[in-house]
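Accompanying notes for the structure given below.
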Amino acid sequence: MIRELHQLSTETLHSNPYFELRQDAYTLPDGSTGTYYYVHTSGSVIVVPRMADGRIVLVQQYRYLNRRPSLEFPGGGIRPGTSPEQAARAELQEEAGLSPLHLKPLGTINPCKGLTDELCTVFLAEGLADVPSSPDHSEEFELLSLTAGEVDAAIRRGDIWDGMTLSAWMLCCLTPPTEVRP
């Protein structure tokens, strides 16, 4: 049986509006202590927007750390005091200019379990209506609308390489389409 590690202390080494860099001291199963550094967030969301005709909306944006564009689903951080559903609706409007009639949670993933304690809630959005988008001043998006087969082909080609998008697509593919009412 795998034994639990016990936290002794937590120290915040750096904090900004998006995350904290933390250092934990913890006990190992043999009684010795260890140190763990990680990124703490209040969580995130990613939204798979499925249009009435079955096409999937993705956004393309430049990712500074990877020095290249990324084709991905709309998503972002959950602000303190905001629910995952509220954050999903806000991110979908901000990045894609869409508002969903139906927002269904598909599951929760951890984007990088060895680096962060972040949990990301994955949503399927249907019954989409156009609304004004409101991107952050540092963000620029190009919208693409693809069939499910085109999404799969983009993944096989390596055009979609974002881990959260890949995980969200897998959860979406395991979820049957819902009946969308106007």
task = Give me 70, 138, 44 ranked fewest to most by other Cβ atoms within 10 Å of their Cβ, as a rough exposure proxy.
result = 138, 70, 44
key: the chain: antiparallel DSSP beta bridges as a percent of all, rounded to 5   = 85 percent
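Give the value in nm², to one decimal: projected area of the alpha carbon convex hull of the chain, averaged over all directions.
Details: hull surface 51.8 nm².
So the Cα hull casts an average projection of 13.0 nm².
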message = Starting from the 7 Å offset along Cα-to-Cβ, what nm value, one decimal, do you get for the label separation of residue 13 and residue 115?
response = 1.5 nm
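Would you calculate a helix-derived [θ] at 222 nm for the chain, using -39,500 (n - 2.57) for each DSSP H run of n ≥ 4 and dividing by the full residue count, to the nearest 500? Mind showing how you got there, number by number?
Details: 3 runs with 34 residues, N = 182.
Taken over the chain, the calculation gives -5500 deg cm²/dmol.
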remark   = Expected unfolding gain across residue 1-residue 40 under the 0.36 nm per residue rule, minus the alpha-carbon gap, is 11.3 nm
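Can you sort 24, 30, 136 from fewest to most other Cβ atoms within 10 Å of each residue's own Cβ? Intermediate results must be reported in sequence, preceding the final value.
Details: 24 17, 30 6, 136 9.
Starting with the residue having the fewest Cβ neighbours, the order is 30, 136, 24.
For the chain, what is the charge dipole size about the Cα centre, in debye to the nearest 20, if Lys and Arg each add +1 at the Cβ and Asp and Glu each add -1 at the Cβ? Don't jump to the answer; show the numbers that get you there.
Details: 14 positive and 24 negative charges, 59 e Å.
Roughly 280 debye for the chain.
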GluC sites (Glu not before Pro) restricted to the stretch 118-173 and DSSP loop, no more than 14 other C-beta within 10 Å = 139, 140
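Read the figures in this text as sums done on the coordinates, not as results from a lab. Small disclaimer: the values here were computed from a predicted structure and weren't measured. For neighbour counting, all protein chains shown are included, and Cβ atoms are generated from backbone atoms with ideal geometry for every residue, glycine included.
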